[in-house]
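None of the figures in this text is laboratory data; all of them are computed from the coordinates on show. Everything quoted here is computed from the prediction, not taken from an experiment. Neighbour counts are summed over all protein chains in view; Cβ atoms, including those assigned to glycine, are modelled from backbone coordinates with ideal geometry.
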Amino acid sequence: MTAPPLPSPPEHLLNNPQILATLHSMSSYIKVETPFNVDCLELLLSTHPNQPFVASVIHSLREGFWPFYEAEWEEKCKQKVENYVTAEVGIAALKAHRDQEVATGRWSEALPEDFVLLPGMKVSPMFVVWQKGKARVVMDQTALGFNDGIPREEAKVKYDDMHTFGQVLNDVIKEHPNEELVLFKSDVAKAFLNLPAHPLWQLCQVVSVEGRFHIVRRLVFGTRTTPCCWCSVSALLCWFGTEKLGIPNLHVYMDDFFGWDFKRNLIIFHGKKYPKRQVQFLVFWDMIDCPYEARKQDWGVWLLIIGFLTDIMKGFISLTQESIDELVKAIHTFLSSPNRKAALRDWQHLTEMYHKMSDKTLQFRHIPINGEVHRDLTWFSDMLKSAIGIQFVDVQVWSDSEADFVCWTDASNIGLSFVYASNGFCY
């Protein structure tokens, strides 16, 4: 409700004559398009309490998102870095991805064979990540230095998580002890790829496949603030679902929207049964042409929500065995880093609790793994392997309003303090 408006490109780039000339030359390859019905979305959000923010999101959907970049391109960034893909299977995946993106219009057609990069144009390297046998192509905008020109604080996003949703389940079970309840989850298709990049930003999203250049027209996963840009849209969708459609406790984590309903509220939608609240939300998506796949609109007494097995009738949320195995493997890989030193980015991927990361900003600088860290993570790994699930929600948890009395406490190396009924006690 209090989010500031999304930014526009800085004046020093908008008024750069060389970059403007490049934009003019590339006008047939650069396009700002989105599948969203922006006019309809704008109308539906007309009563949102933060209109400056809404206006900036609508403007970005029409004119292209600017990912908070503030630096000078020529000073900060190289012009070209080659792809990291060398294996035949990776190259084949890259070609298949190219064909798909060109066919959908998210990439431009290939630039001429003899094309020479113009001022302001940058070629970002790509690499392939394999997840459960499927290839995912990622553009690395750190290699060129673009992410260095985006303030790190602008990339921070506060997501709805399973802690808050777990409390919702706890409360719902208490309020409706004799009702059959169900969960629902709706997923937006190709979330980031629905967001057009600003024409200026498209100039630095040039990629190379088989020696031919293409311009990537949508925001990509490799840009530091792409999740922030997407969440500005998803937050507005969630607001409409909650405030205008009356869907209580609707949560969103990136491109997954999830909530609960009564089983007696099942209705037919597109030939299948769904909870009424989920149907309300999907009808809204149909109105604004929000892309989604029917097979990814799930509901049931238990669901896999953002990687957690969630059972609304039993009131628990737990990790799957597969997730536990992957986490244990990640810990062992981290602890097996060469010379017991891991890069800062690996520390950040694993956890943010360790003081050894403080005041360090170089992502590939190695930080020693000391004995304390090794013992902590080894214990955690062993505990995970021997645990029978991990339960986060207990239906017997008391809320603050149910407490008979409230006592505040704090501790230091030399004493304990308590405050109760406006009286203080120190020991």
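Translational diffusion coefficient of the stretch 203-250 (Stokes-Einstein, Kirkwood radius from Cα pairs, 20 °C, 1.002 mPa s): 160 µm²/s. Length available on full extension from Cys40 to Thr320: 0.36 nm per residue minus the Cα-Cα distance, which gives 96.8 nm. In terms of Cα atoms, the Rg and Dmax of the chain work out to 24.8, 80 Å. Do you know the relative contact order of the chain, to the nearest whole percent, from alpha carbon pairs under 8 angstrom that are 6+ apart? Reported relative contact order: 16 percent.
Altogether, the Stokes-Einstein calculation at 4 °C and 1.567 mPa s, with the Kirkwood radius of the stretch 63-181 over Cα pairs as Rh, returns a diffusion coefficient of 70 µm²/s. Treating r as the C-beta distance of Ser401 and His163 and R0 as 22 Å, the FRET efficiency rounds to 0.75. Shown in residue order for the stretch 2-15 are the 3J(HN,Hα) couplings computed by the Karplus curve 6.51 cos²θ - 1.76 cosθ + 1.60 at θ = phi - 60°: 10, 4, x, x, 5, x, 9, x, x, 4, 5, 8, 4, 9 Hz (x for Gly and Pro). Structure note, pairs Lys31/Lys156; Lys95/Lys134; Lys132/Lys329: Cα-Cα distances above 24 angstrom occur for Lys31/Lys156.
Rounded to the nearest 10 degrees, what's the angle between the helix 162-175 long axis and the longest principal axis of the chain, both from Cα atoms, 0 to 90? Tilt of helix 162-175: around 40 degrees. The local environment of Glu154, defined by Cβ-Cβ distances under 11 Å, has a net charge of +1 under the rule Lys, Arg +1 and Asp, Glu -1. Taking amide H positions as modeled 1.01 Å from N, with prolines and chain starts lacking one, no residue 5 or more places away or on another chain lies under 5 Å from Gly64. For the stretch 96-108, the Karplus equation 6.51 cos²θ - 1.76 cosθ + 1.60, evaluated at θ = phi - 60°, returns couplings of 5, 5, 4, 4, 5, 5, 5, 5, 7, x, 6, 10, 6 Hz by residue, with Gly and Pro reported as x. For Gly222, the amide hydrogen comes within under 5 Å of the amide hydrogens of Met139, counting only partners 5 or more places away or on other chains and with H modelled in the peptide plane. Here the 3J(HN,Hα) profile of the stretch 29-38, calculated from phi with Karplus coefficients 6.51, -1.76 and 1.60 at θ = phi - 60°, is 9, 8, 9, 10, 9, 8, x, 5, 7, 5 Hz, Gly and Pro shown as x.
Rounded to the nearest 20, the size of the Cβ-charge dipole of the chain about its Cα centre is 840 debye, with Lys and Arg at +1 and Asp and Glu at -1. In this structure the amide hydrogen of Val209, modeled in the peptide plane, comes within under 5 Å of the amide hydrogens of His214, none closer than 5 places in sequence on its chain.
Averaging 1/r over every pair of different alpha carbons in the stretch 212-290 and inverting the result gives a Kirkwood radius of 14.4 Å. Once both axes come from the Cα atoms, what is the angle between helix 321-335 and the longest principal axis of the chain, in degrees from 0 to 90, rounded to 10? Helix 321-335 sits at roughly 70 degrees to that axis.
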